[in-house]
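Asker: Handing you a structure now.
The values are calculated or read from the model by the stated rules, or taken from the named source; none is laboratory data. As the structure is a computational prediction, the values presented were derived from the model and not from experiment. No Cβ is skipped: glycine too gets one built from the backbone with ideal geometry, and neighbour counts run over all protein chains shown.
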Amino acid sequence: MRDLVAGLSASEAARLAYARGLLYWHRRARYCGSCGAERQSTHGGHARICLNEHCARLVFPRIEPAVLVLVESVSPPGRCLLARHRGAPEGSYSTLAGFVEVGESLEDAVRRKIAEEAGVRVGAVRYQGSQPWPFPAGIMLGFRATALADDIHVDGRELVEARWFTREDLIAWAQNEARGLGRRDSIGRHLLECWLAE
């Protein structure tokens, strides 16, 4: 489906993503999490209700929010932090990302993930946009963050390397990298293009 979405209009891609997300949810929400009874689709497929009349709990699809972050250097010249994730090909860099944990604000999730994976502490965090990600039930929330210092200490588990890119570095890298700045429909590419345009 990810390959198909790239060739569709935004409205067609959104409908396909919505259908994919609902199908996934219906397959995994067949039984009540409170009492174990079977659930039935209701509200035109937008909800499921427990068939146990003593429970009758109504549930709706859930999404798993993840933050995707473009970190900017605090000192000139303007630079952004990109990393190579474990399993990614040599020389393949991207923005940093991670899931939001229970009880955590989006801004705190940004600060935690950047500190955990890259060893970089960030201060200001600004929301930039979002992208549905029904693989299987996520939403990507794009942010820009400003580093408090330029030191990098990758965790070695999720990230194997990270480095600062100037705008010139990023343009040169994207021209030589087969995937460029990433998929045209990705929030990661949007963050990078906005940063380059400034």
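Asker: When both residues are 6+ apart or on different chains and their Cβ atoms are under 6 Å apart, which pairs have a first residue that lies in the stretch 80-102 and is exposed (fewer than 15 other Cβ atoms within 10 Å of the Cβ), and a second that is part of a strand (DSSP E or B) and not acidic (D, E)?
Answerer: Here the result reads R86/V160; F99/A66, each pair linking the stretch 80-102 to a residue that is part of a strand (DSSP E or B) and not acidic (D, E).
Asker: Right, S41: over 23 Å from Y18 (Cα atoms) and polar (S, T, N, Q) or not?
Answerer: So S41 does not fit the description; no.
Asker: Report yes if G129 is in contact (Cβ under 8 Å) with a residue 60 or more places away in the chain, surrounded by 16 or more Cβ atoms within 10 Å (Cβ to Cβ), under 16 Å from A66 (Cβ atoms) and not charged (D, E, K, R), otherwise no.
Answerer: no
Asker: Looking only at the stretch 1-29, how many residues end up being in contact with a strand residue (DSSP E or B) (Cβ under 6 Å, 6 or more places away or on another chain) and either of a type outside the set (A, V, I, L, M) or on the phi > 0 side of the Ramachandran plot (or both)?
Answerer: Count: 0.
Asker: A follow-up question, please. Failed condition for A17, given (1) loosely packed, with under 13 Cβ neighbours inside 10 Å; (2) modelled with pLDDT under 95, with all others met?
Answerer: Answer for A17: the failing condition is (1).
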